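Here is the structure we will look at, set down as structure tokens.
No lab work stands behind these numbers, since they all come straight from the coordinates. All values derive from a computational prediction rather than experimental measurement. For neighbour counting, all protein chains shown are included, and Cβ atoms are generated from backbone atoms with ideal geometry for every residue, glycine included.
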Amino acid sequence: MQIAEGALPEGRMATSGRLVFVDVAYHPNSSITEITERTGFPQSLVSTAVARLREMGLLESGPDPRDRRRTLVHTSPALKAVQERLGPVPIDDLLARALAPEDRAELAKVVAALELLSRLLTPEGMSDDPEPPPPRDRNSSPHDPGPTNN
């Protein structure tokens with residue numbers, strides 16, 4: 001989410017527009033109706049936000065190949081280039097600055113709790129895979145696949 005929000009120019013988008021952007025980043029190829037249902041915003045607000053984000057070059061939209069009456073929205077190639085340039089962003093330092101925990105053990109607990117929430121609440125974590133991924137090494141990136149058995 002941080003990379004997605006970081007791609008937006010400061011001060012040029014209302015919070016609702018930022019949330020629409022983040023929703024599309026997490027749910028590419030969504031219809032306006034689907035974005036409306038997930039965000040709880042009125043359809044007119046979502047449509048306006050998508051139009052502004054398209055003008056900014058951050059989102060693209062096109063007809064659904066299965067139902068040409070529907071419009072599907074996804075992030076633009078420009079955002080993908082930004083994501084590739086920035087790479088994975090470790091959250092540990094951001095949390096340390098934002099929360100100012102008393103010690104490293106407390107920070108480790110916060111990171112572990114957030115990783116658990118991420119596994120449980122993201123689409124990847126909601127799969128039927130019975131075995132959760134192993135906890136990551138504190139020195140690795142949050143997107144690092146972890147140790148391999150070679």
Completion exercise
Rounded to the nearest whole number, the per residue volume of the convex hull around the C-alpha atoms of the stretch 2-86 in Å³ is 90 Å³
Completion exercise
Note, the stretch 31-42: 3J(HN,Hα) by Karplus (6.51, -1.76, 1.60, θ = phi - 60°), whole Hz, Gly/Pro = x, goes 7, 4, 4, 5, 5, 4, 5, 6, 8, x, 7, x
Exercise for the section: Work out, step by step, the length gained on full extension between L120 and A81: first 0.36 nm times the residue separation, then minus their alpha carbon distance; give nm to one decimal. Expected result: 11.2 nm
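Order of H74, H27 from fewest to most other C-beta atoms within 10 Å?
By the 10 Å Cβ count, ascending, the order reads H27, H74.
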Handout entry: Distant-in-sequence amide H partners of L72 (H built 1.01 Å from N, under 5 Å)
Key = G62, D64
Fill in the blank from the handout: Note, the stretch 53-69: 3J(HN,Hα) by Karplus (6.51, -1.76, 1.60, θ = phi - 60°), whole Hz, Gly/Pro = x, goes 5, 5, 4, 7, x, 9, 10, 10, 9, x, x, 6, x, 8, 8, 5, 7
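For S16 and K109, calculate 0.36 nm times their separation in residues minus their Cα-Cα distance, and state this gained length in nm to one decimal.
30.4 nm
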Exercise for the section: Counting only C-alpha contacts under 8 Å and six or more residues apart, can you give the relative contact order of the stretch 45-105 as a whole percent? Expected result: 21 percent
Handout entry: Other-chain or far-sequence residues with amide H under 5 Å of L59's (modelled H)
Key = R54, S76
